[in-house]
Structures are given as structure tokens and as C-alpha cells.
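Heads up: the structure comes next, in C-alpha cells.
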Amino acid sequence: MNGKTLSGEFPGLPSGVVNIGGVSVGSGHPVRIQSMTNTNTRDVSATTAQCIRAFEAGADLMRISVPDRQSVEALKKIRKALHDAGFNQPLIADIHFKPTLAEAAAKIADKVRINPGNFISAAERDTLSSSTQQQSGHLESVSRHLRPLVSICKDHGTAIRIGTNAGSLPPHIISAYGYGAEALVNSANEYLGVFEALDFNNLIVSLKASDPLQTIYAHLLMADGMLKSSRVYPMHIGVTEAGEGMSGRIRSALGIITLLQAGIGDTLRVSLTEDPVHEIRFARKILSHLSTTLTETSNGQAYADKRHKREALLSCLKIKHRAERQAARCEKPAQHTDSDYGRAFVVASKEGLPEDLAKHVVEPLQAGSKQQVGKLSPGLENQDAAKILKGTCEASDIEKLMIALTADSGIPLLLGHINGLWISTPALPDASASAKVALQLLQATGRYFSETSFISCPGCARTTLDMVPIIKTLKKELSGFPELKIAVMGCLVNGPGEMKGADYGLLGTAKGKIHIFRGATPIQKNLEPEIATKTLEEIIRKRYKKTKE
């Protein structure tokens, strides 16, 4: 068990508690940390070893991709090997495209994750359109496939996670709602309706996107709907394909911390293009920080505070969503510079800062300025006049700084109550650390873009590429383009969908090759990884040069 009871709290409603392999998940129980293996599942020894390292690092649950029948058999062996080694934590089977694999895995795993966007086969899904009659046919098909899975899960006590993803939404949902938060919610609700009709509620819901704001908005909409309908299910939270390094951690922290502060979240995953152990260690730091900041008030006060945050964030993001849809109808180009509320900026001393950071920094305001505010405070969002958050953070390492700054200023930045960050970090030897972290947080909140936006998946059994060196190389060579978003995806499950939101992307194939995308369109195919990264660099540098001219 990790930390204190920080999970989603909806007083006066059903508890929404699910048992996963003997671990209770839901309101009134601690938030559970999970991660996912990125080894080939059929490699039993490698996958078992990675699970053991993850459990030793503090994971409560581990998810394993099951893409084929051989992986089902491997899952049995992995489970036995873990049990023999003394590790009995729950395992989650991740299924895409093949309902029969979900049925087989449900007899072995403690939970099965299915994706409404690709649960039924692509061939069957493609016969359906967005018409009312065929949408009904889609749900009938889903119900037919879910019925045997539900029967098995009831017999074995297996939980199911409805895991919607912005990169792989059903066609009829896209036709009706687009790719945003409303699409994620309606996709999940369709499946909830089918499960409830089959008298099955041993469920967890997740609504993930690579954009932290879209992820937050989707969970707020879902929680609001559950509150109004008195139908409560535990929620798994996290920002999918968050990326690598500092940017990946900040994006994950923003999504996870904001939702936990609003009382949403029962299990979580920090999704990084790194070793799963790094995901777990960062997640533990998040819960450690929040276990002190979220439990300082009495329950009544805590409920009121979380409800206030949910309502304020939901109202703000609804307004932003309407504005974006209006801009899209007017065909206005997206702006990646100034925020909706005015100029967003970092204030700090330029002394000791690298040149690439110093150019983004505004010198501190004069002492006594009305815009200066006091110490970092979770209550800052109530100070409507505050525009710059000024304070000292005593964090002793860079990850703790990311978490503390996100916890204190993430919601105020999202709500527009502050426009800038002026943070001193005396405990860190790197004088530029506060500026680096502040700039990343401003970018994650959509307030100010100072560098290229990168998203990348963490990899799994379906990935045939080593994702880490690819994303590291691209970030090193192409970080200076704040107007661009680049995606690096390991497989076809969510890759093509996520490419739609990126300017350029690399997509791994089943044979270890890479396709280069411009938006959702492949422009070069089947390149070796090294050639693909160099080619993408050349394309972007050439385009950037032409744009500047």
C-alpha cells in the first residue's frame, strides 16, 4: 500500500470499490501504483525479471501485453514464476483487437484491460458506420463478444478495465464527438452500459490522452457524470505517451496531481519512455508529497476543497473547449505562444543560466510590486489578483521540485490565476533548475511553449524497437522548435491516432522498421531507425528554414 488514503472520494454515493487479486481499489483505499512491462511477453524470464524489479520498487500491480496465443501461455508461466519467487501482486492482461485473447487471459490474470476503440476486430469494426442503425449494430456486436468474457470474469473473480485512449477511438464515436474529452467519455459510457446490461460491475474506468489537459478534462467530465447518476466506478489515471525525461515527468505529474487534488484517481501510472522502475519511483514520490498536502484538513474541509477544484477546473476547461471548437469552425490557426489569459512567463535571475534558458526569462519585478506573492501555497488559486507565483522550494532533487511546483501551481496556471513563476531552489546545486522546470510546466499547461513538444509511448510487448535512444536523439537534435509537436510511437495500436495531433511522427512497424508521418499521413515507409531519425531531422530543419524565410 502506498501513502495515505488519497483515492477518489464521493461522499454519500456507492463506494465503487473493486477487488483485484486481493487488493482493494476504490474510495476509502490508498491509491495503487501500477506500471507495464515493455519486454516481449513470450520471453518469460525477461518479463518475470522486470515484474520482480517493479514490485521491489513499489508497484502494486503490473500490466502485461498479451498480443497472441503464445503470450497467453507465457502469462501462465510468468504468473507461476512470480509466485514461486514470492511475488503475489496482481497482474493485468492488456488486450487489443482479439476478444478471444481477453477470454483466455481472464482465466489467468487478476484484471483484463480492453480498449473500446479496438476490442472487436478491425474487419468487423470497419463494416460499421456512424448511422444510428449501425451504431446499434456496433453495440450488439460488442455485447455478443463481451458476454463470454463477463461469464469467465464472474467465475474467476477477474476485474475489467475499460481503457479508452484518444489514439484509438471507435469510428462512430469520432464521427459524433471528434477526438476530444467528450469522445473518451462517451466511448467509456457505451461500454459501461453494455456491462451493466450484462449485470457486471467489477470495473475500472480510464480515459487517457497524451495531452494532460484533455486527460484532466475527460476525467472531470466522467466524474461529474458519475456523481449525477449515482453510478460510481474506480478510476485509473495517467497521461498516456507522456514521453521521456523532464518533459515526460512534468506532463505526467500535471495530469495525475491535478486529478488527485480534485479527488479523482484510485490507481495511477506514470507513463514514461524509460525503464518501468523509473515510472514507479516517480509515482511513489508523487504520492509521498500528496500524502502530506492533501490530508492536512478535516474530511469535511477536504471534500469541499476537492469539490471546489473539480467544479472550477471543469468550468474553465469547458470554456476553453468551446473556444477551441469555435476557432476550429472559423479555421483559425492554433497559437503556440501566448496564453488565453495573457503573456505567460518565468521570472528569475539570468545569472548562471544557460543562454537557451536565459532568453526565455524576464527579470524579477522590483521589490514591493503588487504582482509579487508569498510562499508556495495550495490556496493560491483563491488570490485572484496574483499573477506571478513567487516562492522558495526546498526540494532536494529535481524530481521533488517538479512535483512540488506542479502541486502548488498546476491548478492556478490551468485556471489562469497566475501567469508566471518565480521560484528559488536553494537546495539544488543547479542554478538553472527552477527555470527549466518552470518552463516545462508552462508548456504542459499550454500557457507558453518554449521548445518542441514530444510525445512517445513507453513501449510494450508489441513494440519491436528500442524506443529510448530514438526519443533521446530526437530531443537532442530537434528541441528548438516550439511551434512543433513530434510523436514517437512503437506500434499500430495507438500510434496512427496519436499522429493526428502531431505535426510529425515516427511509427514503429511489426518488422522493426519505421514509417515517417506528417500529421496522420505516412510520407516515408520502412526505414531503418537511424535513417528514419536523420530523415525526420532533415525534413523539419528544411521546413523550419523555409518558414523563417
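The values are calculated or read from the model by the stated rules, or taken from the named source; none is laboratory data. Please read all numbers here as calculations on a predicted model, not as lab measurements. Each accessible area value is taken on the protein alone, full model and side chains, heavy atoms only, with ligands, DNA and RNA left out. Shrake-Rupley method; radii C 1.70, N 1.55, O 1.52, S 1.80 Å.
Quick notes on this structure:
- Relative contact order (percent, whole number), the stretch 183-260, Cα cutoff 8 Å, 6+ residue spacing: 33
- Here the Karplus curve 6.51 cos²θ - 1.76 cosθ + 1.60, taken at θ = phi - 60°, turns the phi angles of the stretch 34-48 into couplings of 9, 9, 9, 5, 10, 8, 6, 4, 5, 7, 4, 5, 5, 5, 4 Hz, with x standing for Gly and Pro.
- Protein accessible area in the stretch 396-476, 1.4 Å probe - carbon and sulfur %: 53
- Å² per residue, accessible surface of the stretch 499-549 at 1.4 Å: 60
- Residue-level accessible surface for SER396, protein heavy atoms, 1.4 Å, Å²: 80
- Fraction of the pair-distance distribution of the stretch 406-512 above 18 Å, Cα-Cα pairs, percent: 59
- Normalising by residue count, the stretch 162-321 has a Cα convex hull of 124 Å³ per residue.
- Over 15 Å [Cα-Cα, the stretch 454-514], rounded percent: 44
- For the stretch 158-215, the relative contact order is 51 percent, taking Cα pairs closer than 8 Å that sit 6 or more residues apart in sequence and dividing their mean separation by the residue count.
- Sequence-distant residues sharing a close amide H with SER424 (under 5 Å, placed H): GLY391, THR392, CYS393
- Cα Rg, Dmax, the stretch 199-294, angstrom units: 13.5, 44
- Amide H contacts under 5 Å for ASN165, placed H, 5+ residues apart: GLY117, LYS208
- Taking every lysine pair in the stretch 482-549 that is 8 or more places apart or spans two chains, those with Cα atoms closer than 22 Å amount to 22.
- Largest-first principal axis extents, alpha carbons of the stretch 18-75, Å: 38, 23, 15
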